[in-house]
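First the structure, in the form of structure tokens, and then the observations on it.
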Amino acid sequence: MEQHQSLITWYVLFAITQATALVLILIDDNTLADRLSAAGLLSLNGVWFLLYGKKLVKRGHDDWHGLIYAAGSLATFAPAVWFSGNATFALFGLVPQIYMVLPVAWAFWPMALFVFTPQILTWAAGAVPALPWPAALLIIAFSQAFGWAISRMSEQSRQRAELLNRIEALTIEAERARWAGEIHDTLAQGFTSIITLLQGAQPNVELALQTARENLREARALVASNAPSPLDGSSLEEALRRLVNGVELESSFRVIGDPVGLQTSAEVVLLRTVQEALTNVARHSGASRVDVVMRFDQDGVSLEVRDDGRGFGDAPEGFGLRGMRARLEQVGGTLSLSSDEGASVLVEVPL
């Protein structure tokens, strides 16, 4: 979008210089035939830009195609100057074009030829050039500096476009990872619980239905990009207490310190972390009891999920733990694991 707006500015400049040169041609003192010839040639120059040059400028071509365009542009500009010296005004639009379709090193000689064309033709006609030769040289020097600036701006614009594309790609990647984590922490776990309940020796249909309803609420919350449904209309402490009470093990939940308000993003991370930790305890630990402690102090808030199971051992971290770490990093938090007399998952988030 930024590049498109920049090109629009250049297109307007080209149009203004061409239109001004045409007006100056039509009001000069030459014969009507000369004026019409110069105006026609300069109009062809504009058509040449629209049909070929504009494509090169838009695509950022800076190779031999630019030489073809410069040659065609000079082929219409030079005779226009021969018929009317006022056509020289078109240089204000033609010189930038050269630097937009050719590398800076290549553009110097075509640019110098364009600038010297009025001088050469005036000299060939036996007249005194309206523009002194030193002034023409000064214009060439300024044109080269101007061309270098155009090249730099074009390169910076390209780099910004690449950076924006990279940022967009990273944003999409991060969003995909977030959705993967949300689905893993909510829907996948819920479906696993439903399957476990229904495959038991005595299927608990009522609890399976309750889990399915909770999964449905989670799905709707995710689609609507709302906070997780366990937080809807309740505090984080209440939502955590419900999670802990819903575990099929002996469990307890305590809050130490004075609770303080947290950002929604931090609350979501803490809720999902405890949810994942409790799921791991139920599936893998072989524990008979799990305790969750939430502690508030002046530095932040911490959550510890401790069970009396077999611990983590030497097993590598799975997707769940990696997802927990990734979530915590987003809010500046940390995750610590220990296997002292069971397993402990400690989560700390600064205020």
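The values are calculated or read from the model by the stated rules, or taken from the named source; none is laboratory data. Quantities reported herein were computed from a predicted structural model and do not represent experimental measurements. Protein only, heavy atoms only, side chains kept; ligands, DNA and RNA dropped before computing areas. Shrake-Rupley method; radii C 1.70, N 1.55, O 1.52, S 1.80 Å.
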Sequence of 258, 307, 291 from largest to smallest accessible area, 1.4 Å probe: 258, 291, 307
List 10, 106, 82, 123, ordered by accessible area with a 1.4 Å probe, largest first: 123, 82, 106, 10
Residue-wise HN-Hα coupling along segment 250-257, computed from phi with Karplus coefficients 6.51, -1.76, 1.60 (Hz; x: Gly, Pro): 5, 8, 8, 9, 10, 10, 10, x
Sequence of 340, 29, 63 from largest to smallest accessible area, 1.4 Å probe: 29, 340, 63
Area accessible to solvent at residue 69, 1.4 Å probe radius, in Å²: 10 Å²
Area accessible to solvent at residue 65, 1.4 Å probe radius, in Å²: 50 Å²
Solvent-accessible area of residue 108 with every protein chain in place, 1.4 Å probe, in Å² to the nearest 10: 60 Å²
